[in-house]
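Visitor: Before anything else, here's the structure in question.
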Amino acid sequence: MEWLREWVSVEESAEAFGHRLTMAGLELDAIEAAAPAFSGVRIGSVLTVAPHPDADRLRVCQVDAGTGEALSIVCGAPNVFEGMRAPVACIGAVLPGDFRIKRSKLRGVESRGMLCSAVELGLAESSEGLMELPAEAPVGADFREWLGLDEAILEVDLTPNRADCLGMVGVAREAGVLLDQAVGGPVIEPVAATIDSAVEVRLTDADACPVYAARVIEGLDPDARTPLWIRERLRRCGLRPLHPVVDVTNYVMLELGQPMHAFAADAAGPVITVRFGEAGDRLRLLNGNEIEPGPTDLLIAGQGGPLALAGIMGGEPSAVGSSTTRIVLESAHFSPHALAGRARAYGLHTDASHRFERGVDPTLPLYAMERATAMILQIAGGAAGPVVHTGTIPAAHADAPIGLRRERIVRILGVALAPNEVERILTGLGCRVTTVEDGWQVRPLRARFDLLREEDLIEELARIHGYERLPQTLPHATAPVTSGAQDAIGVRKRELADLGFHEVISFSFIAADWAAAFYPEVQGLALANPISSELAVMRPGLWPGLVRTAAHNVARQRADLRLFEHGLRFVPDASGLRQESRLAGLLCGRAEPEHWQAARRPVDFFDAKGVVESLCARHAGTLRFVAAAHPALHDGQSAQVLLDGHGIGWVGALHPSLRERFDVPELFLFELDAAVLAEALVPTFKALSAFPSIRRDIALVVDEDVPAGEMLAAVAELGLPILQENRLFDVYRGKGLEENEKSIALGLILRAFDRTLGEGDVDSVTKAVVDQLSARFGAKPRY
């Protein structure tokens with residue numbers, strides 16, 4: 001907040017300002033202090049340093065902490081020296097972790113306090129000695145108050161389209177327009193060259209790197225240290241101070257949003273080339289990893305080979321170190337499409353790649369170069385050469401105006417904003433605004449890659465004006481325009497919901513081993529840069545997502561499940577990638593809700609089959625279930641679903657090996673071609689017969705392997721006009737039958753529309769049915 005207030009006047013509390021940011025779309029994640037709680041720590045000056053009489057590694061220091069008398073403090077830090085300013089925890093001080101400072105003796109010498117390192121104050125994870133303070137630090141002052149460690153730090157969660165706020169200038173711009181305050185910032189002037197040293201820059205791909213600026217700086221003081229105020233700002237932003245040059249490039253990145261890099265000039269050489277990887281390239285990165293860049297990796301190369309992975313991470317051989325006195329300072333613009341996914345390909349995610357992948361203002365490199373040059377010269381001395389600027393700033397959406405109509409604002413937001421309010425908001429966001437007859441012509445800020453059309457500008461007006469200030473007006477109801485296919489699938493989904501199913505939406509990406517387990521015959525399309533191994537391939541079907549959801553629920557004592565999903569499956573073929581709409585479902589647990597009048601019955605194959613029959617009931621075609629094997633289904637409990645002889649899906653029990661592998665109970669699955677389901681007939685009225693129906697039951701003995709569904713289909717093939725329905729109502733095996741036989745009982749429902757049926761009508765239909773089944777399956781009447 002202290003850094004932000006240097007740019008814009010923010011008088012409200014951190015909590016109130018954080019809420020304001022959240023309401024404007026920059027969501028506040030957390031507010032924390034700049035340091036953990038501690039008290040009783042003063043700024044001390046080391047007056048004398050003497051050896052400890054009984055310990056070689058300890059020193060006895062006399063320290064002025066502004067208490068009126070010198071404090072004798074035993075210290076083991078190797079960097080303590082006379083005249084040093086350092087934090088002193090006096091008697092009674094409480095350090096992080098509730099560590100209390102008491103009067104004590106160390107190897108026989110009294111110690112009346114403790115000289116502190118940054119680690120002991122919770123300001124660093126590691127240190128090599130005491131925290132050295134500037135010579136001008138006021139002796140005796142409260143250290144926490146002097147360094148502003150009670151300052152609030154706001155952590156803001158930015159959406160990917162708001163890369164413009166990945167620098168203090170962007171957040172200040174938001175604060176200025178939200179608070180209606182002027183936005184300031186540092187005055188950045190060009191730094192004149194005082195030496196002629198320069199490098200040659202060569203760009204091989206203007207699309208990947210349209211702008212590159214380089215500058216040689218010589219005569220740096222190797223003993224220079226980064227000022228405490230810069231180190232503190234870096235620490236509070238989550239970056240570790242390393243070296244004055246590196247710290248300045250990081251500071252400018254946090255301030256302006258422009259990533260920068262510095263090379264040791266002797267390692268870089270006289271020529272800098274921005275190119276893609278070539279055969280034989282090798283690079284050891286700053287994190288110690290050695291990589292072999294490929295033809296899709298953009299590199300910064302010197303005459304000796306690659307120097308850095310462009311826009312991601314520098315190389316170790318050209319890194320700036322404690323003895324570096326000559327550097328080449330880089331400030332460039334790399335296109336998002338050139339860097340997209342390249343950091344993840346090497347398991348990296350850096351501050352630079354985070355910004356370049358989302359888009360950085362291409363006009364920033366020269367601006368950032370001058371800012372960094374001035375800071376480096378001020379901190380480490382030296383002399384700067386001329387800026388070598390290569391390339392051309394690319395054309396952008398910001399060059400073409402966007403029309404913004406007054407009537408469109410009212411139509412979208414339901415409120416008419418005053419013209420001066422519209423202009424204030426857009427101008428405050430960095431846009432160039434011109435008034436025209438029906439509204440305005442607006443040219444967005446170059447950093448706002450998300451402002452492309454009129455609705456984007458209206459969204460900006462809404463969030464800055466305040467969503468809570470917009471009127472709550474119900475829209476006029478209009479009938480949605482949908483296709484017949486959409487209507488039909490919607491009907492099928494509502495049918496499933498009526499049957500007790502819940503819809504789920506799972507990722508279109510699944511783990512490669514899940515895809516292979518369910519669909520071993522399909523080579524799933526692998527992603528080039530998956531987010532994780534769990535989301536590595538495009539799903540060849542919907543069952544893996546349903547089973548994963550079932551496993552998640554079963555593990556939480558929710559075993560009675562009815563789930564369905566409508567989505568795409570992705571099947572590579574010779575023509576490319578085939579995307580097919582599917583409707584899939586899962587049944588698990590009890591067939592009926594628990595009730596004292598009913599015995600518990602688990603779901604079985606026929607429950608799943610019945611659901612499929614219900615979904616296909618509106619089709620005029622003939623629906624059949626044919627026993628067939630599927631890799632994901634249990635042998636003997638799986639069937640292919642046929643409609644007029646064409647396969648439209650599968651139904652069956654999950655294979656036992658997959659049940660064990662994914663730790664789920666017995667469950668049943670179905671998956672159908674949604675495009676076929678969308679072709680269902682529109683319900684039409686059919687006249688009812690005024691004459692009574694007659695039922696005739698027959699029992700037929702057939703071989704065990706004869707499917708009952710085939711028998712029903714054979715009866716339907718007869719096309720008997722008075723046979724209204726054919727029901728399978730019993731299957732018998734046992735006494736009176738051979739071991740390989742079963743008895744199938746059919747109920748024939750007969751009715752005519754023009755007369756009452758007689759016994760002769762019933763006998764003729766019964767005979768036709770028996771003859772058909774006898775001829776087709778060798779069926780024999782059972783008496």
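Visitor: Extending each Cα 7 Å along its Cβ direction at V187 and R600, get the distance between those two points in nm, one decimal.
Guide: 8.2
Visitor: Which shape class applies to region 67-153: rounded if a/c is under 1.5, otherwise prolate when a/b exceeds b/c and oblate if not, where a ≥ b ≥ c are the square roots of the Cα gyration tensor eigenvalues?
Guide: Values: a/c = 1.41, a/b = 1.31, b/c = 1.08.
Cα axes put region 67-153 in the rounded bin.
Visitor: Charges on Cβ only, +1 for Lys and Arg, -1 for Asp and Glu, centred on the Cα centroid of the chain; of G148, A352, L723, which one is farthest towards the dipole's positive end?
Guide: Of the candidates, L723 comes out farthest on the positive side.
Visitor: What is the set of long-range amide H partners of H243 at a cut-off below 5 Å, with H atoms built 1.01 Å from backbone N?
Guide: none
Visitor: Under a point spin-label approximation (7 Å from Cα along Cα-to-Cβ), what is the D754-L718 distance to one decimal in nm?
Guide: Each label point lies 7 Å from its Cα, and together they span 2.0 nm.
Visitor: Would you mind estimating how fast region 177-230 diffuses translationally, via Stokes-Einstein at 4 °C and 1.567 mPa s with the Kirkwood radius over Cα pairs, in µm²/s?
Guide: Answer, rounded: 79 µm²/s.
Visitor: Percent of alpha carbon pairs in region 57-116 separated by more than 16 Å?
Guide: So the portion of pairs separated by more than 16 Å is 41 percent.
Visitor: Select from V765, M1, T324 the residue farthest towards the positive end of the dipole of the chain; place +1 on Cβ of Lys and Arg, -1 on Cβ of Asp and Glu, and compute about the Cα centre.
Guide: Positive-most Cα among the choices belongs to V765.
Visitor: Here's something else I'd like to know. How about K767: which aspartates and glutamates have a C-alpha closer than 18 Å to its C-alpha, ignoring those fewer than 8 places off in the same chain?
Guide: Cα-Cα hits under 18 Å: D697, E717, E725, E759.
Visitor: With a sphere of radius 14 Å drawn around the Cβ of G280, what net charge do the other residues whose Cβ falls strictly inside it have (Lys, Arg +1; Asp, Glu -1)?
Guide: On the way: positive: R275, R282; negative: E278, D281, E290, E292, D297.
Result for the neighbourhood of G280: -3.
Visitor: Still on this model: If you roll a 1.4 Å probe over the chain with all protein chains in place, what percent of the accessible area is carbon or sulfur? Walk me through the numbers before you get to the answer.
Guide: Working: 19920 of 38770 Å².
On the chain, the fraction of accessible area on carbon and sulfur atoms equals 51 percent.
Visitor: Then there is this: Relative to the compact-globule scaling 2.2 N^0.38 Å, provide the ratio for the alpha-carbon radius of gyration of the chain.
Guide: Against the empirical 2.2 N^0.38 Å value, I get 1.39 for the chain.
Visitor: Report the extension gain between S764 and A617 in nm, rounded to one decimal, defined as 0.36 nm multiplied by the number of residues separating them, less their alpha carbon distance.
Guide: Extending this stretch completely gives an extra 50.1 nm.
Visitor: Let me ask another. Assuming a ≥ b ≥ c are the square roots of the Cα gyration tensor eigenvalues, decide whether region 429-473 counts as rounded (a/c under 1.5), prolate (otherwise, with a/b larger than b/c) or oblate.
Guide: The shape class here is oblate.
Visitor: For the chain, what is the charge dipole size about the Cα centre, in debye to the nearest 20, if Lys and Arg each add +1 at the Cβ and Asp and Glu each add -1 at the Cβ?
Guide: 1060
Visitor: Using the crude model of +1 on Lys and Arg Cβ and -1 on Asp and Glu Cβ, and no other charge, please compute the dipole size for region 686-783 relative to its Cα centre, in debye to 20.
Guide: 360
Visitor: Using alpha-carbon positions, what is the distance between the centroids of region 113-146 and region 561-620, in Å?
Guide: 67
Visitor: How do the peptides 278-291, 39-52 rank, highest first, by the average count of neighbouring beta carbon atoms within 10 Å per residue? Each step should come with its number before you reach the end.
Guide: Values: 278-291: 13.9, 39-52: 18.7.
Final packing ranking: 39-52, 278-291.
Visitor: With the cut-off at 1.5 for a/c, could you classify region 236-393 from its C-alpha gyration tensor as rounded, prolate or oblate? All intermediate terms of the calculation are to be shown ahead of the outcome.
Guide: Working: a/c = 1.42, a/b = 1.24, b/c = 1.14.
It comes out rounded by the Cα gyration axes.
Visitor: Which loop-located GluC sites (Glu not before Pro) does region 151-244 contain, where loop means any DSSP state but H, G, I, E or B and the Cβ has at most 13 other Cβ atoms within 10 Å?
Guide: Nothing satisfies the criteria.
Visitor: So, one more: Quick one: which residues, 5 or more positions from S104 or on another chain, have an amide H under 5 Å from its amide H? H modelled 1.01 Å from N in the peptide plane, none for Pro or chain starts.
Guide: Placed amide hydrogens put S111, G113 under 5 Å from S104.
Visitor: Between region 638-665 and region 733-771, how many Å separate their Cα centres?
Guide: 33
Visitor: Given the peptides 493-500, 185-192, arrange them by the average over their residues of other C-beta atoms within 10 Å, most packed first.
Guide: Numbers: 493-500: 14.6, 185-192: 12.1.
Taking the mean over residues of other Cβ atoms within 10 Å, the ranking is 493-500, 185-192.
Visitor: State the answer as a single residue: which of V603, L748, A714 lies farthest towards the positive end of the charge dipole of the chain, with beta carbon charges of +1 for Lys and Arg and -1 for Asp and Glu, about the Cα centre.
Guide: Sorting the options by dipole projection puts first L748.
Visitor: Using the heavy atoms of the protein chains and a 1.4 angstrom probe, tell me the accessible area per residue for the chain in square angstrom.
Guide: 50
Visitor: Can you order the peptides 14-20, 511-517 by their average number of other Cβ atoms within 10 Å per residue, highest first?
Guide: Details: 14-20: 16.3, 511-517: 18.9.
Highest-to-lowest ranking by the protection proxy: 511-517, 14-20.
Visitor: Net charge near P692, counting Lys/Arg +1 and Asp/Glu -1 over other residues with Cβ under 12 Å of its Cβ?
Guide: Net charge in that neighbourhood comes out at +3.
Visitor: Between the alpha-carbon centers of region 162-212 and region 24-43, tell me the distance in whole angstrom.
Guide: 28
Visitor: Further question: Against the globular-protein guess of 2.2 N^0.38 Å, express the Cα radius of gyration of region 24-80 as a ratio, rounded to two decimals.
Guide: Numbers: Rg = 19.0 Å, N = 57, 2.2 N^0.38 = 10.2 Å.
Expressed relative to 2.2 N^0.38 Å, the Cα Rg reads 1.86.
Visitor: State, to one decimal in nm², a quarter of the convex hull surface area for the C-alpha atoms of region 445-589, i.e. the direction-averaged projected area.
Guide: 15.1
Visitor: Provide the per-residue ³J(HN,Hα) series for region 259-271, in order, calculated from phi with Karplus coefficients 6.51, -1.76, 1.60 and θ = phi - 60°, each as a whole number of Hz, with x at glycine and proline positions.
Guide: Values, residue by residue: x, 9, 8, 10, 10, 5, 4, 5, 7, 6, x, x, 10 Hz.
Visitor: Under unit Cβ charges (Lys, Arg +1; Asp, Glu -1), what dipole magnitude, rounded to 20 debye, does region 21-150 have relative to its Cα centre?
Guide: Using Cβ point charges on Lys, Arg, Asp and Glu, region 21-150 gives about 680 debye.
The values are calculated or read from the model by the stated rules, or taken from the named source; none is laboratory data. Every value quoted in this text rests on a predicted model; they were computed, and no experiment measured them. Don't worry about glycine lacking a Cβ; one is built from the backbone with ideal geometry, like all the others, and counts go over all protein chains shown. All accessible areas refer to the heavy atoms of the entire protein, side chains included, with ligands and DNA or RNA removed. Shrake-Rupley method; radii C 1.70, N 1.55, O 1.52, S 1.80 Å.
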